[in-house]
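Only one structure is covered here, and it is reproduced in the block below.
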Amino acid sequence: MKSSNDVSSIGLVPESLRVELRRLVNVEYDNVMSDMLAYIIIRGPVTLYRVSRETPYSISSIYKKAKYMVKNNLLTPMGLNGKSNGKHIYEVTVKGLLTCLAYKCLDDDIVLNKLKIRWNLRNYNNYRLVSILTVLPYIIKNENLRIIENIDTLMITALSALVNNTIINNKLIDEYTVTNVKNTSIYYLVSNIINSMSNNKKPDIILGNNSFLIGYYKNSKILYVYICRLCDKNCILTYASCDNHCPLIAELSKDMINLVK
């Protein structure tokens, strides 16, 4: 029996999103790349020799295209059997998965499920994942596209951009999608980053609203700022003393501070 997370992606990825993803990945796409991505997504990590044996292309064509794909961060080579002997197996990166999704080199369900595994979002349904993909072109630029390879950094960046609000202002993204991504990124940060801390590093209380998310340590009276958009500093993942005179401290009411004393 399928769980509620196993939502079919039929009709879930609109053509407008594919167009935006093509602009985002910004690569020269052809049939060789399409078949290589499809094969390595399903069979990888694999050697280029095996790709050549099981696709219609010569080994020289495969090597030439693989060189381009590695340079553009669509594939990543790894030492065969963990050894640095010049022999490599190749795996598709997150950018490679997005490229496949942009050009539909495989059924969307396959690619979205691979993305959820790579991003450690197995318990998230496809609607939430597509919402994240929808805002990607507006919060990530080609020059810092490597952010997408690290889900922690991506979630922080997404939350930062959406809380700040100005980056996607006047863009064709509905409020439901924005709210969905905000809630998803906050939930991810709380459940994966904060809860993964050892007990002696966890904050005594977590506070937040649309402008900030912080952890408060009662004994040391220290705030750990996960994200704050109350001033131009735009603080992310940093400590702040409760004695500091900053908009964040002013925002926290005396009653809330007294609550955890």
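The values are calculated or read from the model by the stated rules, or taken from the named source; none is laboratory data. Small disclaimer: the values here were computed from a predicted structure and weren't measured. All Cβ positions, glycine included, derive from the backbone under ideal geometry; neighbour counts span all protein chains shown. Quick note on the areas: whole protein, heavy atoms, side chains included, nothing else; ligands and nucleic acids left out. Shrake-Rupley method; radii C 1.70, N 1.55, O 1.52, S 1.80 Å.
Points to keep in mind about this one:
- Pairs exceeding 20 Å between alpha-carbon atoms, taken from Lys67/Lys116; Lys64/Lys141; Lys67/Lys87: Lys67/Lys116; Lys64/Lys141.
- The local environment of Asn180, defined by Cβ-Cβ distances under 13 Å, has a net charge of 0 under the rule Lys, Arg +1 and Asp, Glu -1.
- Near Trp119: Cβ cut-off under 13 Å, other residues only, Lys/Arg at +1 and Asp/Glu at -1. The net charge is +4.
- Other residues with beta-carbon under 15 Å from the beta-carbon of Asn142 carry, at +1 per Lys or Arg and -1 per Asp or Glu, a net charge of +2.
- Cα-based Rg / Dmax (Å) for the stretch 15-119: 13.3, 44
- Measuring only protein heavy atoms, the 1.4 Å probe finds Arg128 accessible over about 90 Å².
- Heavy-atom accessible area order for Ile89, Ile206, largest first, 1.4 Å probe: Ile206, Ile89
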